[in-house]
1. Hey, quick one: spin label on K185, modelled 7 Å out along Cα-Cβ, who in segment 210-242 has an amide N within reach, i.e. under 20 Å?
2. At what distance in nm do the modelled label points of R236 and N99 sit from each other, each positioned 7 Å from its Cα along Cα→Cβ?
3. Going by alpha carbons, how many degrees (0 to 90, nearest 10) lie between the helix axis of 190-203 and the longest principal axis of the chain?
4. Would you mind pulling out the separation of the Cα centroids of segment 115-147 and segment 197-232, in Å?
5. To the nearest 20 debye, what is the magnitude of the charge dipole of segment 136-247 about its Cα centre, counting +1 on the Cβ of each Lys and Arg and -1 on the Cβ of each Asp and Glu?
6. Which of G42, G177, G62 ends up with the largest GNM mean-square fluctuation for the chain, with Cα atoms connected below 10 Å?
7. Relative to the longest principal axis of the C-alpha atoms of the chain, give the angle of the C-alpha long axis of helix 166-175, reported between 0 and 90° and rounded to the nearest 10°.
8. For V36 and K82, calculate 0.36 nm times their separation in residues minus their Cα-Cα distance, and state this gained length in nm to one decimal.
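Nothing in this text is a laboratory measurement; each read-out follows from the coordinates by a stated rule. Computed from a predicted structure; not experimentally measured. Ideal geometry is used to build each Cβ from the backbone, glycine not excepted, and the neighbour counts take in all protein chains shown.
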Amino acid sequence: MGFYPLDYHSYQRPIFFIFKFLSGINLAKRKKRYSVLTGGGGAVLDVGCGDGEIIQALEVDGCFKCWGVEIKEEVVKICRNKKLNVFSGTVEAIKGYDNHFDLVIANHLIEHVQDPYQTLLKINNLLCKGGWVCGETPNFDCGERRLLKNKWAGFHIPRHLQIFTVDNLRQILVKSGFSKVVIKKSQNPGQWALSLQNIFLSYFPKTKLKNGKSWIYPFLLFPSIIIFVLERVTNRMPGIIYFEAQK
């Protein structure tokens, strides 16, 4: 649990303007996609919900009934103070909700767990027939990793326990009982910025971080957006991939 301090990025809102702007765009796109997958509403579970940003945003529209699950007890209390329904612990510990959810969100989850297969099996069990799981995860088979090697942000040592490729991510989803698996590029230029920050920190290791980001991070977002656009134009898979699959 010590690997996830209270200033971990999932527990804090963005502090830089450009990052707030990009996060707002990303959240709006996610809400739109979730609405498409669920037919406009339904029961949603966000696994590793952090400070509850996504489920709070979904419940504003009144079309979704949302739950979250989070391992950090202090963060669970923050969510509950916002009147959000949040379980404390791991998704495997949730009882009494089999075949309940129309959508399970697993953004940047499966790379953190010890046994992603068991986690995906549990998620499958929680979904109703025809329900969807969707999320994002780092992509080992990307140019960013090959170019930057151990500076690639996707390694995120010691928190990321395994890293997927498109092929083995598809295989584990199918093995877990999912069909209609779709894996595609993620709209996430921030990954490159973190990798570039790792290079900067290797030269200036005493630089202070806040929420995992240094003062130079917002400036690194601009070249990262350019690189991200070039990846899309050249049809290359980036360092973060999006997946969705149906039960």
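1. The answer is 221-242.
2. A separation of 4.7 nm, rounded to one decimal place.
3. Orientation of helix 190-203: about 40 degrees from the principal axis.
4. Value for the Cα centre distance between the two parts: 26 Å.
5. Computed about the Cα centre, the dipole is about 200 debye.
6. G62
7. That works out to roughly 20 degrees.
8. Once the chain is fully extended between V36 and K82, it gains 13.9 nm.
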